[in-house]
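Peer 1: Here it is: the structure, laid out below.
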Amino acid sequence: MEADSRTLHIASWTDRFLAWLVDVILVGAVLGSLGELASVFSVLTGNLAASPLAGLNGVALFLYWTALEGSRGQSAGKMVMSIAVTDERGESIDYSAAAIESFGKAFILPLDCLIGWLAYDKEGLRLFNRLSSTIVIEQDGTNPPEDVEYVYPGDE
């Protein structure tokens, strides 16, 4: 192995599913709470129209994943599962790659996964991972980078 090369461990489908589930529950809880507030407001004002938040789950998840994965490579679910979205070399992704990668899982997840499993199963990719040139990797927090020294509180 070359001195500049590194090994990236592709995250399992199970870890990815559990991270997705955490994110869906989290975003759903926030939207549900906002929907309940909108419903209470509708009752108080006498306007019993449908909630303006109805049907926004996909848009909310798309914005959530694009923002978090574009800025730090991890959503809350990925943090819990110690996985991250990176480019194919393990480097951080930008917002445009995050938007492409997030589109599939926010709006057409069954098709995104099915095509990925059929066409890219050995690589562990969804279709929109391939389109965005991203991968999902395991993060090992137990081995700090060789060129970094951590100073913990009380060690000074």
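The values are calculated or read from the model by the stated rules, or taken from the named source; none is laboratory data. What you see is a predicted model, and the numbers here were worked out from it, not measured in a lab. Glycine gets a Cβ as well: all are built from the backbone with ideal geometry, and neighbour counts include every protein chain shown. To get the accessible areas, we keep the full protein, side chains included, count just its heavy atoms, and leave off ligands, DNA and RNA. Shrake-Rupley method; radii C 1.70, N 1.55, O 1.52, S 1.80 Å.
Peer 1: Among the residues in segment 133-153, are any modelled with pLDDT of 95 or more, assigned to a helix (DSSP H, G or I) and surrounded by 12 or more Cβ atoms within 10 Å (Cβ to Cβ)?
Peer 2: The answer is no, given that none of the residues of segment 133-153 is modelled with pLDDT of 95 or more, assigned to a helix (DSSP H, G or I) and surrounded by 12 or more Cβ atoms within 10 Å (Cβ to Cβ).
Peer 1: Could you pull out the residue among Leu63, Leu44, Leu68 that is in a helix (DSSP H, G or I), more than 24 Å from Ile10 (Cβ to Cβ), open to solvent by 30 Å² or more (accessible area, probe 1.4 Å) and modelled with pLDDT of 95 or more?
Peer 2: Step by step, each of Leu63, Leu44, Leu68 is checked, and only Leu63 is in a helix (DSSP H, G or I), more than 24 Å from Ile10 (Cβ to Cβ), open to solvent by 30 Å² or more (accessible area, probe 1.4 Å) and modelled with pLDDT of 95 or more.
Peer 1: How many residues, within segment 97-132, are touching a residue at least 12 places away in the same chain (Cβ under 8 Å), hydroxyl-bearing (Ser, Thr, Tyr) and surrounded by fewer than 15 Cβ atoms within 10 Å (Cβ to Cβ)?
Peer 2: So the count comes out to 0.
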